[in-house]
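Novice: Mind looking over this structure? Questions follow.
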Amino acid sequence: MTWGQDKTYPEQQKMEPRMTEYWTPQPKVVTPGDIKTNSAPSDAIVLFDGKDLKAWTNSNGDKAGWTVHDGIVTVNKSQGDIITRESFGSFQLHLEWCVPEDISGSSQARGNSGVFLQDKYEVQILDNYQNETYVNGFAGSLYKQTPPLVNPLRKPGEWNVYDIIYTAPIFKEDGSYLYHPYVTVIVNGVLVQNHTEIWGTTEYIGLPQVKTHGDGPIRLQAHGDPSKPISFRNIWLRPLK
Ligand code: MG
């Protein structure tokens, strides 16, 4: 007799629906932003709500020198970039930007700004409405790395909406990435970066560099191009654990 023949074994238990249903913990309730006033969700860290820049400083640590008016903030190029006082790991970030209706210039010299994730990785902000430039420097690109999938920009004078989901990297002891940072970017409701791997810092000159870092602030860029300055409104962030 061969082992296993002419033997009976216990039958596998029959699956029932509730065997694969669990009830706790229930998702925490988050009240979404008001669709009319375009406010932040209840659990967001509000970085700019139209009143002041107290969540920000100039990059030298001085009081943030951009101009708050009419519920928006406009870049003051002489003051340089601004950064958040607080540092963040992984997050969901929402911001809205608008260039003046009579913006001038072309390519990168037309409403250039940028949002730096953990102060290292720039998602480009640029008026690319009927304005071409190198594709990996387009609005919604991971600057000089990955172009946006499409160009969904609104025309000058209208507000563009960025929603960014960022996963912070984990480093090995030798300083290289164990897990790269990743970013997903939605512009005006349209996906432009789909869980894009970030190769390193977004350099203007040269290749991306891998530099060990921990949590970092959000940086908004005051670009030196001579076009009229860009404005922002409604900036909020939800840290992701
Ligand atoms: Mg830029």
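Novice: Return yes when residue 81 is over 21 Å from residue 188 (Cα atoms), of a type outside the set (A, V, I, L, M), open to solvent by 10 Å² or more (accessible area, probe 1.4 Å) and touching a residue at least 24 places away in the same chain (Cβ under 8 Å) and no when it is not. Please lay out each step first, then the result.
Specialist: Working: over 21 Å from residue 188 (Cα atoms): yes; of a type outside the set (A, V, I, L, M): yes; open to solvent by 10 Å² or more (accessible area, probe 1.4 Å): yes; touching a residue at least 24 places away in the same chain (Cβ under 8 Å): yes.
Taking the combined requirement at face value, the residue satisfies it.
Novice: Can you give me the number of residues within region 192-218 that are within 17 Å of residue 91 (Cα to Cα), out of contact with any Ser or Thr (no Cβ under 7 Å at 6 or more places or on another chain) and assigned to a strand (DSSP E or B)? Outline the logic, then answer.
Specialist: From region 192-218, those within 17 Å of residue 91 (Cα to Cα) are 193-198, 213-218; that's our starting set.
The next check asks that each one be out of contact with any Ser or Thr (no Cβ under 7 Å at 6 or more places or on another chain); those that pass are 197-198, 213-214.
Checking which are assigned to a strand (DSSP E or B) leaves us with 197.
Of the residues in region 192-218, 1 are within 17 Å of residue 91 (Cα to Cα), out of contact with any Ser or Thr (no Cβ under 7 Å at 6 or more places or on another chain) and assigned to a strand (DSSP E or B).
Novice: Here's something else I'd like to know. Any chance region 136-146 includes a residue that's within 30 Å of residue 52 (Cα to Cα), away from the ligand (no atom under 16 Å from the Cβ) and of a type in the set (A, V, I, L, M, F, W, C)?
Specialist: Taking every residue of region 136-146 in turn, none turns out to be within 30 Å of residue 52 (Cα to Cα), away from the ligand (no atom under 16 Å from the Cβ) and of a type in the set (A, V, I, L, M, F, W, C).
Novice: Check off (1) of a type in the set (A, V, I, L, M, F, W, C); (2) away from the ligand (no atom under 16 Å from the Cβ); (3) in contact with a Lys or Arg (Cβ under 9 Å, 6 or more places away or on another chain) for residue 82 and give me the number that stays unchecked.
Specialist: It fails just one condition, (2).
Novice: Please verify whether region 171-188 includes one or more residues that are under 26 Å from residue 234 (Cβ atoms) and surrounded by fewer than 15 Cβ atoms within 10 Å (Cβ to Cβ).
Specialist: Keep residues of region 171-188 that are under 26 Å from residue 234 (Cβ atoms), which gives 181-188.
After this cut, where a residue has to be surrounded by fewer than 15 Cβ atoms within 10 Å (Cβ to Cβ) as well, the list is none.
Looking through region 171-188, none of the residues is under 26 Å from residue 234 (Cβ atoms) and surrounded by fewer than 15 Cβ atoms within 10 Å (Cβ to Cβ).
A quick yes/no check of all residues on (1) modelled with pLDDT of 95 or more; (2) of a type outside the set (S, T, N, Q):
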residue: 5; (1), (2): no, no
residue: 10; (1), (2): no, yes
residue: 56; (1), (2): yes, yes
residue: 67; (1), (2): yes, no
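Novice: Checking residue 47 against (1) without any contact (Cβ under 8 Å) to a residue 40 or more places away in the chain; (2) of a type outside the set (Gly, Ala, Ser); (3) surrounded by 10 or more Cβ atoms within 10 Å (Cβ to Cβ): exactly one of these is not met. Which one?
Specialist: (1)
Novice: I've got another one for you. Go through region 219-241 residue by residue and tally those that are within 13 Å of the ligand (Cβ to nearest atom), more than 12 Å from residue 88 (Cα to Cα), open to solvent by 20 Å² or more (accessible area, probe 1.4 Å) and in a strand (DSSP E or B).
Specialist: Residues meeting the conditions: 0.
Novice: Next up: Would you pick out the residues in region 125-164 that are in contact with a strand residue (DSSP E or B) (Cβ under 6 Å, 6 or more places away or on another chain), touching a residue at least 60 places away in the same chain (Cβ under 8 Å) and surrounded by fewer than 19 Cβ atoms within 10 Å (Cβ to Cβ)?
Specialist: Those that are in contact with a strand residue (DSSP E or B) (Cβ under 6 Å, 6 or more places away or on another chain), touching a residue at least 60 places away in the same chain (Cβ under 8 Å) and surrounded by fewer than 19 Cβ atoms within 10 Å (Cβ to Cβ): 159, 161, 163.
The values are calculated or read from the model by the stated rules, or taken from the named source; none is laboratory data. Owing to the predicted nature of the structure, the values given are computational and were not obtained by experimental measurement. Neighbour counts are summed over all protein chains in view; Cβ atoms, including those assigned to glycine, are modelled from backbone coordinates with ideal geometry. Ligands, DNA and RNA are stripped out before the accessible areas are found, and what is left, the full protein with its side chains, is counted by its heavy atoms. Shrake-Rupley method; radii C 1.70, N 1.55, O 1.52, S 1.80 Å.
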